[in-house]
1. Name every residue in segment 169-189 that is in a helix (DSSP H, G or I) and of a type in the set (A, V, I, L, M), in order of residue number.
2. Would you mind stating whether residue 123 is free of Cβ contacts under 8 Å to residues at least 60 places away in the same chain, more than 13 Å from the ligand (Cβ to nearest atom) and among the hydrophobic types (A, V, I, L, M, F, W, C)?
3. So which residues in segment 285-323 are closer than 27 Å to residue 256 by Cα, assigned to a loop (DSSP other than H, G, I, E, B) and of a type in the set (D, E, K, R), if there are any at all?
4. Looking at segment 129-139 only, could you name the residues that are assigned to a loop (DSSP other than H, G, I, E, B) and buried (at least 18 other Cβ atoms within 10 Å of the Cβ)?
5. List the pairs whose first member sits in segment 344-356 and is closer than 14 Å to residue 183 by Cα, whose second member is among the hydroxyl-bearing types (Ser, Thr, Tyr) and within 14 Å of the ligand (Cβ to nearest atom), and whose Cβ atoms are under 9 Å apart, counting only residues at least 6 apart or on separate chains?
6. Which residues, counting only those in segment 61-86, are crowded, with 23+ Cβ neighbours inside 10 Å and away from the ligand (no atom under 15 Å from the Cβ)?
7. Run residue 202 past the list (1) part of a helix (DSSP H, G or I); (2) within 22 Å of residue 125 (Cα to Cα); (3) among the aliphatic types (A, V, I, L, M) and report the number of the one that doesn't hold.
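The values are calculated or read from the model by the stated rules, or taken from the named source; none is laboratory data. Note that this is a predicted model, so its numbers are computed, not measured. FYI the Cβ positions are ideal-geometry reconstructions off the backbone, even for glycines, and counts take in every protein chain you see.
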Amino acid sequence: MQHSIPLPLNPAAFLAQHRPDAPIMFFAPAVLQDTARRFQADFDGLVTYAVKANDRPEILSNLVAAGISTFDVASPAEMRAVRAACPQAVLHYNNPIRSIAEVEAGIDVGVASWSVDDHAELAKLDAVPRTAEIAVRFALPVTGAAYDFGSKFGATPDQAADLLRRVVAMGFVPSLCFHPGTQCNDPQAWASYVTEAARIAALAGVRLARLNIGGGFAANRGFGAPDHRAIFTTINSAVKRSFAGAEPRVLCEPGRAMVADACVLATRVKGMRSGGEVVFLNDGIYGGLPDLRDMGLSGLVHVLGPAGPRSGAATPRIVFGPTCDSLDRLPDGLPLPADTAVGDYVMFGGMGAYSIAMSTGFNGYGVGQVEMVCALV
Ligand SMILES: *Cc1c(COP(=O)(O)O)cnc(C)c1O
């Protein structure tokens, strides 16, 4: 029987006991497992996890415990991280640009599915066993996401049809994939892609084995919980309508929406200037807060003083991170309670995705520590 050290109750209990000076990422495994189970119950297809959102071993092993067995990876290092958490995990290598050495690494670990968006990259996959799936990635000019991924990867529909025919000619299992962008709230973004996927398959004269509808599902940023089920329903009916009779199996690959809720980032006020108008935190955009720069203000911020939550009126602040770089600033600042003081902890909820995974050690700062807790509140 395995015994483990009891987890601290919640972040506030841990902070009260240890008063840490460096930023800490608090992770509640129960919250993550709950989200992963909900995704699998609600989504009519295979749920995989996009590792880039958070590749920490604690995250991967808890996803495995909750039944996730297929992972979207972009690099050999991510393949190793996944296999360390789950030796028999199924790997989907969905970075469409790969060096020859990376292709070899993917073959060595037995990648089951590869995505491509041009002929030169497809030609590099000639040594891949023909039992593998090749998913052609296409892109549409889509609105509805906080930012669009189509500007980097994705063939046009005509190119995709051409590639799909080539995938079949080479003897691979043919599929299509797309990614509508991240923090996407509009179900129609997926629906337009699904409709187009059916058109591409018809144009190519290819019956798709699978359709990978990407990630992009929004996380709760404190401005209302996103309705993933409504999106799943829209996707499901778009698949039925567009592929009538020749429906591919469907898979999704959430990153952000899978892990965001499971973590809270505790940062600390190091110093204040100009009567508190300017606040210096021990973490910033080079550490655990780059997503605030890209996604805008979060509605999930609260402040803990020595005696508990601060409750003063929200006051706009200019907020700098700890490094000596003047770019290290939250572009929109933050409203913080009027009674916020040096030594207080500024807590950022919903920070499981694109936070610790993007944290650098620039200037000797950054988020290094993860503490597991029973609950986040
Ligand atoms: C980043 C990425 C994802 C996950 O995106 P989220 O917005 O975090 O859900 C899924 N698939 C691919 C191919 C990606 O690059």
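1. Of the residues in segment 169-189, the ones in a helix (DSSP H, G or I) are 169-170, 187-189.
Residues satisfying the conditions are 169, 170, 189.
2. Here the answer is yes, as residue 123 does meet what is asked.
3. Passing the criteria: none in range.
4. Across segment 129-139, the qualifying residues are 132, 139.
5. What qualifies is 353/182; 354/182.
6. 62
7. (2)
Yes/no per residue for (1) hydroxyl-bearing (Ser, Thr, Tyr); (2) crowded, with 24+ Cβ neighbours inside 10 Å:
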residue	(1), (2)
178	no, yes
187	no, no
209	no, no
221	no, no
227	no, no
233	yes, no
246	no, no
